[in-house]
Amino acid sequence: MNARLRLVADRAATAAPPPVEALHEEPGPDAARCLGLYAKLAAGVAVVTARGDDGPLGMTVSAVTSLSARPPLLLACLRDGSRTLAAVRARRTFAVHLLREEQQDLAGRFASPTTTAAQRFAGTDTRQILGVPVLAGSLAWSVCLTEDVRRYGDHHLVVGRVAAVHVGAGRPLLWHDRRFGSLTGPVPDAAG
């Protein structure tokens with residue numbers, strides 16, 4: 001490397017990064033452009049349920065991911081102000097249900113802001129595991145003990161330690177470009 005290139009590289013390596021506060025003050029793209037970007041993310045569709053003071057609560061979410069195998073941790077993003085989030089915080093337990101491709105109606109029912117909790121659970125086969133309502137017929141489910149809840153913007157990251165789990169066979173329901181979709185190809189067995 002010649003001396004001039006070395007000097008430029010050394011200056012770049014020693015230049016201080018901008019303060020974090022300055023990055024937060026940048027105007028950035030508007031919400032509509034960000035939502036356009038987020039719509040291009042493909043995600044599995046899940047329903048998170050919890051026990052509220054007046055009975056079972058639940059909501060559809062598309063941001064669920066594995067966090068750790070040891071200890072077994074899941075991460076779910078729940079909308080700020082939701083009754084389900086309040087129940088997760090209060091009761092410290094919740095369930096995550098990964099939906100099957102044929103469960104679009106269930107996903108829509110749990111996502112609707114005008115549907116009551118009783119209407120969301122109407123006609124669903126539900127049982128209690130560790131005090132949490134668990135929906136039968138999902139592709140897979142886990143009951144989690146709440147480890148941590150942190151707010152970021154208009155959502156909260158909820159970390160749960162997996163306490164019970166069931167994995168079935170079938171294809172997942174997917175969400176992409178503001179609509180439901182599914183995978184093609186052979187149906188995987190329960191072992192995946």
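Which log10 I(q)/I(0) values, to two decimals, does the range 43-182 give at q = 0.09, 0.14, 0.16, 0.18 Å⁻¹ under the Debye formula with one point per Cα?
Debye curve over Cα of the range 43-182, log10 I(q)/I(0) at q = 0.09, 0.14, 0.16, 0.18 Å⁻¹: -0.22, -0.57, -0.76, -0.99.
Can you order the peptides 121-132, 71-82 by their average number of other Cβ atoms within 10 Å per residue, highest first? Provide the component values of the computation, followed by the final result.
Values: 121-132: 13.7, 71-82: 16.6.
Listed from highest to lowest mean packing, they are 71-82, 121-132.
Which of the listed residues, L57, S82, G160, is farthest toward the dipole's positive end in the range 43-182, when Lys, Arg count +1 and Asp, Glu count -1 at the beta-carbon?
So the residue we want is G160.
Just add up the charged neighbours of V165: K/R +1, D/E -1, any other residue whose Cβ is under 15 Å from the Cβ of V165.
On the way: positive: R70, R127, R161; negative: none.
For residues surrounding V165, the net value is +3.
Taking the simple approach of a point 7 Å from Cα along Cα-to-Cβ for both H166 and S182, what is their distance in nm?
2.1
With every atom except the alpha carbons ignored, what do you get for Rg and Dmax of the range 113-183, in angstroms?
For the range 113-183, the Cα radius of gyration and maximum Cα-Cα distance read 14.8, 36 Å.
For each of R179, R100, count neighbouring Cβ atoms within 10 Å of the residue's Cβ, then give the residues from fewest to most. All intermediate terms of the calculation are to be shown ahead of the outcome.
Details: R179 9, R100 21.
Ranking R179, R100 by Cβ neighbours within 10 Å, fewest first, gives R179, R100.
Between A31 and V149, how many nm apart are label points set 7 Å from Cα along the C-beta direction?
Output for this residue pair reads 2.2 nm.
Coordinate-derived values only; no laboratory data. The shown structure was predicted, so the numbers you read here are calculated from the model rather than taken from an experiment. Neighbour counts are summed over all protein chains in view; Cβ atoms, including those assigned to glycine, are modelled from backbone coordinates with ideal geometry.
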